[in-house]
């Protein structure tokens, strides 16, 4: 794929991106156009189509601070195949666009987002844990094989801190190699996984949830949660309040960790204060999330995607955007934005994961 500037790639044909405008000015104009309009924009001319498929456009979008947070949604169909979509927040209705399938679909993969890339880590293939890593380049929606982990994993925890990807657990620490490499770190600039020393008492096998809050990676295991601070190398057990209150797949917005409780209500945990609070203001707008919901930080808004009963043969995937803040009394308060159904799927399908990526 060409990464040349428009003037380099099109000078031989003598065509400008936009007639009567210098190419650098035209590029600045094109970079401000929302991502969901790019397929239509590519039909305008060959020079524009060329620049839309170059890294130069996305570099310019970043420099102009024109990147947009997009939601990437992974669903598992009834036949166990994985389907990937990206959600464009268009008015009046969002646009859910299908993406190329991952080359080697697995069960129980961990996910991490770094820059414009989603890292899909491990998972089991034919009931065998895998060390393989796949990267989805969200600029071009292209799958790229990444550096394999030192240990095969399924249902691991993952998080990104200071430009590095940390993966914890997802393996039985029954050999020296699995014990020594129970935690690993990837510096994408180096392109190689390295072991992270971990004490034996934290080496649970399966991790059911993870998040990064402040300077720590938090991971919830079958029996108790742990946190890891890469700067000091310190491992700690999480407090009882966080351990008992963290249910389901969580996300962090403005330093507050959100999930839902056993009554299906959204709540937030302030790590600094060590307390859970109910997210108020949403009683009449949302159902109770008793199961099947996942969350993401979508440009500072709390995004929730969940499963609903459809007709006899179908289930529905619904989506909501919630503005979250603390009111004058210091209470967590939510303001419901867009709410609606995204699509219908055959019964037996499920939500696997959602990620927010700025491109």
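The values are calculated or read from the model by the stated rules, or taken from the named source; none is laboratory data. Model, not experiment: these values are computed from the prediction. Counting neighbours? That spans all protein chains shown, and the Cβs are built from the backbone with ideal geometry, glycine included.
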- Query: Does residue 108 satisfy the condition of being under 23 Å from residue 197 (Cβ atoms) and touching a residue at least 40 places away in the same chain (Cβ under 8 Å)?
  - Reply: no
- Item | Criterion (touching a residue at least 40 places away in the same chain (Cβ under 8 Å) and in contact with a helix residue (DSSP H, G or I) (Cβ under 8 Å, 6 or more places away or on another chain)) met by exactly one of 271, 324 | 271
- Note on the structure: Note on region 87-139: residues at positive phi and part of a strand (DSSP E or B) are none
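Here's the yes/no breakdown for (1) at pLDDT below 95; (2) more than 27 Å from residue 252 (Cα to Cα):
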| residue | (1), (2) |
| --- | --- |
| 165 | no, no |
| 174 | yes, yes |
| 178 | yes, yes |
| 183 | no, no |
| 193 | no, no |
| 202 | yes, no |
| 214 | yes, no |
- Looking only at region 248-286, count how many residues are more than 15 Å from residue 334 (Cα to Cα) and out of contact with any strand residue (DSSP E or B) (no Cβ under 9 Å at 6 or more places or on another chain). 5
- Query: So which of 50, 59, 67, 86 is crowded, with 17+ Cβ neighbours inside 10 Å, free of Cβ contacts under 8 Å to residues at least 60 places away in the same chain and within 23 Å of the chain's Cα centre (by Cα)?
  - Reply: 86
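Let's see how each residue does on (1) without any contact (Cβ under 8 Å) to a residue 40 or more places away in the chain; (2) over 26 Å from residue 201 (Cβ atoms); (3) part of a loop (DSSP other than H, G, I, E, B); (4) in the same structural domain as residue 162 (by TED's automatic domain parsing):
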{"position": "249", "(1), (2), (3), (4)": "no, no, yes, yes"}
{"position": "258", "(1), (2), (3), (4)": "no, yes, no, yes"}
{"position": "284", "(1), (2), (3), (4)": "yes, yes, yes, yes"}
{"position": "290", "(1), (2), (3), (4)": "yes, yes, yes, yes"}
{"position": "306", "(1), (2), (3), (4)": "no, yes, no, yes"}
{"position": "330", "(1), (2), (3), (4)": "yes, yes, yes, yes"}
{"position": "333", "(1), (2), (3), (4)": "no, yes, no, yes"}
- Query: Do the conditions hold for residue 33, that is, is it assigned to a loop (DSSP other than H, G, I, E, B), out of contact with any strand residue (DSSP E or B) (no Cβ under 8 Å at 6 or more places or on another chain), farther than 23 Å from residue 357 by Cα and modelled with pLDDT under 90?
  - Reply: no
- Of all residues in region 308-321, which are free of Cβ contacts under 8 Å to residues at least 60 places away in the same chain, farther than 20 Å from residue 256 by Cα and within 20 Å of the chain's Cα centre (by Cα)? 318
